Every structure is written in structure tokens, then in C-alpha cells.
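*Asks:* One structure is given below, represented as C-alpha cells, and several questions about it will come after.
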Amino acid sequence: MRQEHRTTPAGKIRARGAGVPFVGEPGPANAITDVAGVEVGYKTLIQGSGPLVVGQGPVRTGVTAIFPRGRQKPEGAVWAGYFNMSGNGEMSGAAFVEERGRFDGPITITNTHSCGLTRDVTAKWLYSQHQPGEKTDQPFYLPVAAETHDGSLNDINGHHVKEQDVIDAFEDARGGWIEEGSVGGGTGMRCFEFKGGSGTASRRVEFAGETYTVGAFVQSNFGKRHLLKIAGVPVGLELPIVDFSPPEFGSIIGVVATDAPMAPHHLRRIARRAAYGISATGGIASNESGDLFLAFSTANAEAVSQHEGLVSASFVGEAAMSRFYEATIQAVEEAILNSMFANETMSGINDFTVRALPVDAVRDILRRYNRLVETD
């Protein structure tokens, strides 16, 4: 097993490294960045401890930035599709995606009360990328910015994410093997009452003599412990409850990327299938949850940017879609579990503590159900 599949760059264990069995073939980094050109950057904010003092902390938050065509092509437009499974959340730019089937610029993911800031900074930053004297005709931007709620751990009403933090996340963007867990916008998140946050995975798809990639990135912040399933095993029912847990004010943001040529209607269908990846882990899109999904394709770069005349583009045939659905569901499921396995216990406001998933106990449960892949 590749090291990139076993651990994060910082050495935190991923779900495969712990012995969780998965189906499908991942890409080299088992990440959304396996889709050529896609880059991910983080800015993580961790400051203070003890009692909550609004405006001072403690701070457990951050920003994640996803560039569909890389930081060197910041305005690179892509065709896209959107799906809202449970609307107790926010993804700016979604109406534009629904209407035009596309978006421009980086995606940002952060906490609920900083979503507007990251959206505005993105628009300002995109304009700043134009060269001095370049004819711009007053560019029009509707950036995609999404959120999940980190108020159990973070001084969310202190608005600690600042403009420079968004810029720092942009400048951190990179391809290849990327970090997971309590990083970027996922820093203060919970998942199934354990520590959640940022997670990613990918799958390869063979079609018409070509190999394509489907990559998923999630910011996981949803679910009650008793619902958690891993490799089909009711792990949540097997793990003892040791801490009081506040009500779920959860959500999950899922971003699916592919290099397969797809039109916006294909990508809407891909975005809907991402919800099945949540279901595979036990998620139910609860009343308090905002489960929002965005899918995009990096193919047809010239066509998506052409606004005049006749446009020519290529698309996969309808017969291909089911295999891409499978890849999407598999990648989203694994990304969610990676966000939990590659993580650690965190304390935040008023010393509230969210425990890390007890990996050794999970391995014992999977072994008992004959579902563990022995890695030692």
C-alpha cells in the first residue's frame, strides 16, 4: 500500500492505513488532487483555551480553498452541478451554478459566520489577479463559498477569520498528497460526535479506452454516534458513550471533481450521488444538517469559457454514468472516514472536548465482524 494511502503528509493515519476495506481503485494520492490541475490550500487558526470570551476565543477554525484549475489559473471556469440534500446550510454561488451550469475561481469552505467574508475576499482577490492596465470591463464574480458550523469548539461569533487568512489559504494551494483532519475550514468540526473536519479520496474509472479520475473533498460536521457505520459495520452502536454531546448543529460540504468530460446536467447527477456516500457512513441528512454538494469537470476548458458563436464540446455517453456514480459514492464515503481517522482529540471553548475516533477500538470491532484488513 502506498504511503500516501496509509497516512497524511504529517503522518496521521488514514482509514486505509487502519485497515478499513474499500472497493474501487484510488489515484496516486487518494485525494481530490488526483484530478489533474486541482489544488487545495489551508489556513488553520488555533488559539487560546478555557472560557469563551466572544471576540477573544478560544479559536478553532480556518479556511479551505480548492482551485479547480490550479492557482496559476485562478479564474479558470468549469462546468458544474449542485445538489442540496438538506438545506440547513449555505453555499454561495449555487443559484448561478443552477442557472448557468458553471462557476469561476476558487471554492472556499469555512465556518458558518465567516462564509460571507471568504466569498467577498475571493471576489476581491480574483480582481487583483488582473495585470495593471489590463482591460477588464468590470469583471463579474459570484464565488462559491460554503460553510459548516464549528460553534461547539470555536468562538464563532468572534469572527476570527480575516481577509489575510483567506489569502493565506489561496497561497498554500498545492496538488498531490494533502493533509486531512483538523486543518483549514475543518479545524473545529465534529462528525458522528467524534472529531471531524477535512477529508479526501479518489477513484479511477476506465471508460472508452481512457482512464479518468473522480476525486472528493469533504468538510464533515454531521451525524450522531449511534448511526456511524464503517465498512457496513454498526461501529457507533459498539462504542461506549463517554462524554456528553451537545445537539447536532451539523452539516457536510462535499466537492466532487472529475477530469471526465461532462455537461452540467451530468454533473448535477454526480452531485446528487455524493449523498449516497454520506448514507454509506450512516448519515441521514438530519433536520439540523446542511448537506450541500458541488460537482465539477476540468474537461472542455475552451468550451466552458466561450460565450459567443457556436460551442463544441465532448461528453461521456449516458451509458458511462453509472460507473462514475459508483466512483463518486466510494470516494465520498472514504473521504468522510479519512476526516475522522486522520484526526486527534480537541478541546475548545469552555474546555468542551471532542474525542478522536478510537482507532484501536474500531479495528477490534471490524476484526470481530471479519471486516478488517490486517495492515501489520
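The values are calculated or read from the model by the stated rules, or taken from the named source; none is laboratory data. Quantities reported herein were computed from a predicted structural model and do not represent experimental measurements. Neighbour counts run over all protein chains shown; Cβ positions are idealised from the backbone, glycine included. Keep in mind that these areas ignore ligands, DNA and RNA; they rest on the heavy atoms of the full protein, side chains included. Shrake-Rupley method; radii C 1.70, N 1.55, O 1.52, S 1.80 Å.
*Asks:* Tell me, how many Å apart are the Cα centres for segment 301-347 and for segment 199-243?
*Replies:* Distance between centres, Cα-based: 15 Å.
*Asks:* List, in order, the whole-Hz ³J(HN,Hα) value for each residue of segment 105-122 obtained from phi through the Karplus relation with A = 6.51, B = -1.76, C = 1.60 and θ = phi - 60°; use x for Gly and Pro.
*Replies:* Ordered by residue, 3J(HN,Hα) equals x, x, 8, 10, 10, 8, 8, 4, 8, 10, 4, x, 5, 5, 5, 5, 5, 4 Hz.
*Asks:* Moving on to the next point. If amide H atoms are built 1.01 Å from N in the plane of the peptide, which residues on other chains or at least 5 residues away come under 5 Å of the amide H of R190?
*Replies:* Sorted by chain and number, the residues that satisfy this are G196.
*Asks:* In terms of solvent-accessible area of protein heavy atoms at a 1.4 angstrom probe, what is the ranking of K43, K162, highest value first?
*Replies:* Largest accessible area first, the list is K162, K43.
*Asks:* Further, regarding this structure: Work out which chymotrypsin sites (Phe, Trp or Tyr not before Pro) in the chain are exposed loop sites (DSSP not H, G, I, E or B, at most 15 other Cβ within 10 Å) and give the longest gap free of them. Each step should come with its number before you reach the end.
*Replies:* Values: sites that count: F140, F244, Y369.
Longest site-free region, per DSSP loop and neighbour criteria: 1-139.
*Asks:* Under 1.5 on a/c is rounded, so check that first for the chain, then, if it is not, pick prolate when a/b is larger than b/c and oblate when it is not; a ≥ b ≥ c are the square roots of the alpha carbon gyration tensor eigenvalues.
*Replies:* Numbers: a/c = 1.86, a/b = 1.21, b/c = 1.54.
Here the chain falls in the oblate category.
*Asks:* Compute the projected area of the convex hull of the Cα atoms of segment 195-318, averaged over all viewing directions, and report it in nm² to one decimal place.
*Replies:* Taking the Cα atoms of segment 195-318, their convex hull projects to 9.9 nm² on average.
*Asks:* List the GluC sites (Glu not before Pro) within segment 98-193 that fall in a DSSP loop (any state other than H, G, I, E or B) and whose Cβ has at most 13 other Cβ atoms within 10 Å.
*Replies:* In loop regions of segment 98-193 (DSSP not H, G, I, E or B), the sparsely surrounded GluC sites (Glu not before Pro) are E134.
*Asks:* Let me ask something else about it. Of W125, G151, V97, which is farthest on the positive side of the dipole of the chain, counting Cα position, with +1 on Lys and Arg Cβ, -1 on Asp and Glu Cβ, and the Cα centre as origin?
*Replies:* G151
*Asks:* Which of the lysines could a cross-linker span from K43 if the Cα-Cα distance has to be under 25 Å and same-chain partners fewer than 8 positions apart are dropped?
*Replies:* K43 reaches K12, K73, K124, K162, K195.
*Asks:* Then there's this: Which of the listed residues, V59, F22, V40, is farthest toward the dipole's positive end in the chain, when Lys, Arg count +1 and Asp, Glu count -1 at the beta-carbon?
*Replies:* Checked the options; the winner is F22.
*Asks:* Quick one: what are the phi-derived ³J(HN,Hα) couplings along segment 261-266, Karplus 6.51/-1.76/1.60 with θ = phi - 60°, whole Hz, x for glycine and proline?
*Replies:* x, 9, 8, x, 5, 4
*Asks:* Based on Cβ point charges of +1 for Lys and Arg and -1 for Asp and Glu, what charge dipole magnitude is obtained for the chain about its Cα centre, in debye rounded to the nearest 20?
*Replies:* It works out to roughly 640 debye.
*Asks:* For L52, what residues show an amide H to amide H distance below 5 Å, using hydrogens built from the backbone and excluding near sequence neighbours?
*Replies:* The list, which skips near neighbours in sequence, is N350.
*Asks:* Not counting ligands, DNA or RNA, and with a 1.4 Å probe, what is K73's accessible surface area in Å² rounded to the nearest 10?
*Replies:* About 130 Å², ignoring ligands and nucleic acids.
*Asks:* In segment 1-125, carbon and sulfur make up what percent of the accessible area (probe 1.4 Å)?
*Replies:* Values: 2320 of 4770 Å².
Whole-percent figure for carbon plus sulfur exposure: 49.
*Asks:* Same structure, new question: Express in Å², to the nearest 10, the accessible area of H5 obtained by rolling a 1.4 Å probe over the protein heavy atoms while all chains stay in place.
*Replies:* Result for H5: roughly 20 Å² accessible.
*Asks:* Can you give the % of DSSP beta bridges in segment 212-328 that are antiparallel, to the nearest 5?
*Replies:* Bridges in segment 212-328 are about 55 percent antiparallel.
*Asks:* Got a sec to turn the phi values of segment 299-307 into Karplus ³J(HN,Hα) couplings, 6.51 cos²θ - 1.76 cosθ + 1.60 with θ = phi - 60°, whole Hz, x for Gly and Pro?
*Replies:* 6, 6, 4, 6, 5, 5, 8, 8, 10
*Asks:* Another question, then. Name the residue from G223, N370, G283 whose Cα lies farthest towards the positive end of the charge dipole of the chain, charges +1 on Cβ of Lys and Arg and -1 on Cβ of Asp and Glu.
*Replies:* Farthest along the dipole direction, towards plus: N370.
*Asks:* Taking square-rooted eigenvalues a ≥ b ≥ c of the alpha carbon gyration tensor, is segment 68-210 rounded, prolate or oblate, where a/c under 1.5 means rounded and, failing that, a/b exceeding b/c means prolate?
*Replies:* oblate
*Asks:* Calculate how many DSSP beta bridges within the chain are antiparallel, expressed in % of all such bridges and rounded to the nearest 5.
*Replies:* Expressed as a percentage, antiparallel bridges in the chain total about 80.
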